[in-house]
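To keep things clear, I will list the structure first and then write my remarks on it.
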Amino acid sequence: MTPITLYNSLTRAAEIFEPADPANVRIYSCGPTVYHYAHIGNLRAYLFTDTLSRVLTWKGFGLTHVINITDVGHLTSDADAGDDKMEAAAKKSGQDIWAIAAHYTQAFKQNLKDLNVRDPSRFPLATDHIAEMIAFGEKIADTHCYRLPDGLYFDVSTVPDYGRLAGTRDDAPAEGRIETVEGKRHPADFAIWRTSAPGENRQMEWDSPWGRGAPGWHLECSVMSRQYLGDHFDIHTGGIDHREIHHPNEIAQNQAHACSADTGASIWMHNNFLVDRTGKMSKSSGEFLTLPALVARGFHPLAYRLMCLQAQYRSELEFSWENLAAAQTRLKRLVQSVAALRARGEAKAGGKGAADASPYRERLDAAVSDDLNTPRALPVLDELLADKKVSPQDRLAALEDFDAVLGLNLLTLAREDLRVRPDSAGIDEAQIAARLAERREARAAKDFARSDAIRDTLAALGVEVMDGDPIGWDWKVTA
Ligand code: AMP
Ligand code: ZN
């Protein structure tokens, strides 16, 4: 296998990945804030980390991968102003905050399963680490923090190179720091602990040396990454927005805690955004698409996975229904080719092809070892499936590698699985099958009027019958 190169946001360069211990590569991924459903943009972030973890595993590394669940502390503004997103959601819905967190955490994990994202080694919850966060805060309070009436703040001028990751100078506030807190010494200073205001009615709060309140958002990631992966680990990931505020703040905390310039991770990796025509998809705007919303429109979750794989993780990716439909068609074609290959393989079992499949594995390796270049790996897959010089058995065996890396389940997905009935369709699969059987009988009896009538009834219910469809799909739902 070729060495793998990964782009490090810290150095703004692609670097050859050389972990301290190849048998235990340690990765921390910032997890979702569970005050609402994850939108498909958030899910792109975890498709990226899944690709990273699959590629490393396939290349023979052992992994410990942590994805945290943010169930406290993330404010409506990244600049320490506004409400806690969780508290705000609880107030708005009148529900218990713990029930909200549990519900959306569960929904997030289900999304990952549906997308065939492998479980990380752990999903730690921020609220299970309050004591550790307080201990971390106590260690850095005297040397790196100062008190304000509403909490304990980190003074970013006390650490070297603050803002290096963001690519900004420490005196140039990054975008998004418009709202600020009175009394901060520096606009980039941030809360380690937020003390509840007198009369503030919070559902989640804890006692601390800085008063009753809740931890600042950035603290949890420094604490949990250190607890599960050690003072210095290999890779830290997040969406590109985290490069500007959240990760620089984690780095500052890590440096303060370690009393050194070490950022805490060797490589900081960031996925770019999924955008739609109106701009970045965001949870707080309230208008966003979830994975179940795609399924309700007749799309298989793996079609969305494929759509994401068609772009390298560092490029912006535009979501549109057309792009998703094109990805679903591509996935159907792949599944069809695998079915055809299997049929051929069974017909002449044991046959040897003129060529072997290893060049395809090598090209897959070369593509994904180049900073996870999945768009370059996909045409290799197409070529492999079409290469008649390689026996069907060898092609199917090589497909295991593609499945391991790309997670498309091509060896197990059946064409029926991809026929997802939209919620709006007025008919179910069994009824469709029954009508199609009647129609075949009518055609066999040369009763074309009846055959056409059945076709029209199906069309009225949103089912298009596709006679002679080149990819062999005999019906699809158009609703
Ligand atoms: P959040 O739930 O807001 O804490 O975000 C969870 C993850 O999704 C973070 O790594 C974000 O950086 C990432 N993220 C947020 N919006 C998008 C988007 N539109 N496209 C890709 N990643 C995103
Ligand atoms: Zn984080």
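Just so it is clear, none of the values below were taken in a lab; they were calculated from the coordinates. What you see is a predicted model; the values in this text were computed from it and never measured. For neighbour counting, all protein chains shown are included, and Cβ atoms are generated from backbone atoms with ideal geometry for every residue, glycine included.
A few notes on this one:
- Per DSSP, loop trypsin sites (Lys or Arg not before Pro) in the range 345-419 with at most 12 further Cβ within 10 Å: Lys348, Lys352, Lys388, Lys389
- Karplus-derived HN-Hα couplings along the range 366-375 (A = 6.51, B = -1.76, C = 1.60, θ = phi - 60°), whole Hz, x at Gly and Pro: 4, 5, 6, 6, 9, 6, 6, 7, 5, x
- Loop-exposed GluC sites (Glu not before Pro) per DSSP, neighbour cap 16 Cβ within 10 angstrom, longest uninterrupted part of the chain: 1-174
- Taking amide H positions as modeled 1.01 Å from N, with prolines and chain starts lacking one, the residues under 5 Å from Leu63 and 5 or more places away or on another chain are Val25.
- Amide H within-cut-off set for Cys145, under 5 Å, with H built and near neighbours excluded: Asp155
- Scaled radius of gyration (Cα, divided by 2.2 N^0.38 Å) that the range 424-477 gives: 1.07
- Cα-Cα pairs of the range 9-55 separated by more than 11 Å (percent): 78
- Rg in Å to one decimal, and Dmax rounded to a whole Å, for the range 297-416 via C-alpha atoms: 14.7, 45
- Net charge dipole, the chain: roughly 1700 debye, given to the nearest 20, about the Cα centre with Cβ charges of +1 for Lys and Arg and -1 for Asp and Glu.
- Measuring max minus min along each principal axis, the C-alpha atoms of the range 5-276 give extents of 55, 42, 36 Å (largest first).
- Rounded to the nearest whole Hz, the Karplus-based 3J(HN,Hα) values (6.51 cos²θ - 1.76 cosθ + 1.60, θ = phi - 60°) of the range 303-314 follow the sequence 5, 5, 4, 4, 4, 5, 5, 6, 10, 6, 4, 8, with x at glycine and proline.
- Compactness index (Cα Rg / 2.2 N^0.38 Å), the range 364-457: 1.66
- Share of pairwise Cα separations in the chain, more than 43 Å, in percent: 25
- Relative contact order, whole percent, for the chain stands at 17, derived from Cα pairs under 8 Å and 6 or more residues apart.
- The range 1-88: translational diffusion in µm²/s, Stokes-Einstein, Kirkwood Rh over Cα pairs, 20 °C, 1.002 mPa s: 140
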